[in-house]
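*Asks:* What follows is a structure written as structure tokens; I'll ask about it next.
Read-outs throughout are calculated quantities, based only on the coordinates presented, and are distinct from any laboratory measurement. Model, not experiment: these values are computed from the prediction. Note that each Cβ is placed from the backbone with ideal geometry, even for glycine, and that neighbours are counted across all protein chains shown.
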Amino acid sequence: MTSKAATVCFSWLNNTNYLEWALRMEAVLICAGLWQMIDIIIDETGKDAATIAKGIKAAIDGQATDKMNEARAEIILRVDDGQLAHCMKSRDPREIWVTLEQVHCAAGFATNLALCRRFLTMKKTDSQTMQAWIGQAGTDITDQNKILALTIGLLSSYDSVIINFDSTSSNLLTLNHVISRLLNEEICQIASGGNSTKSDDDVQDEAMAVTSAKSCKLKLITANPDVICFFCNKKGHYKSDCPERLA
């Protein structure tokens, strides 16, 4: 095993991080010269399924035992205790890899539902960059759900951008458009103040200001019940609050 592979540190495999773990684990095995124990490549040109299966079996049988043990050890040493049961079914690192993939990438309805629920309720942290936040969008989720998750979990400083998204026509509101706008907005916020978050006092002051403005408008309308809307010509509200105009 090379020193480069030995010094790599990342989160061990658990029930929530398989995709990230598998990507890094593959890189570790490649650096250690052990990936061929997992990814067996044979020439499939003009061969039927039975012949291909025999070729794979022959390739597995011809692998060095010490290399297979090294690959198996690398995998076992980078999984949580709860994942060890999946590694005990075979001494073949390829079978262990396939078993872990099947366990964590099940395509059942319940699994997809849980994945979407977790994805749509994730929240961006203060220290997380926009690129890291966008990178959490999985490959097996629709673009519409990705847009929802990316916008729902943003901080309040991005409210103006989200409002703009809501007014954008559906044919223009693509995932690439949303990602570009969010990245540009982050750059603008960093350039303008460096801090894209608002303190609790700022949020409370803004809420009090909005409440006060609404209260004043309500009192004004109540004191002048004969006020006429310039949009629908009905009494009781201004043009800015006209339900017909908003609709």
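*Asks:* Dividing the alpha-carbon Rg of segment 125-189 by 2.2 N^0.38 Å yields what? Write out the running numbers ahead of the final one.
*Replies:* Values: Rg = 11.3 Å, N = 65, 2.2 N^0.38 = 10.7 Å.
Relative to the rule-of-thumb radius for its length, segment 125-189 sits at 1.05.
*Asks:* Another question, if that's okay. Hey, can you grab everything whose amide H is under 5 Å from the amide H of LEU13? Only 5+ residues off in sequence or another chain; H modelled, so Pro and N-termini drop out.
*Replies:* Residues meeting the criterion, in which the H sits 1.01 Å from N, are VAL79, ASP80.
*Asks:* In nm, to one decimal, how far is the modelled label at ILE76 from the one at ALA50, with both set 7 Å along Cα→Cβ?
*Replies:* Using points 7 Å along Cα→Cβ, the separation is 3.7 nm.
*Asks:* Which net charge results when you count Lys and Arg as +1 and Asp and Glu as -1 among the other residues whose beta-carbon is under 15 Å from that of CYS87?
*Replies:* -2
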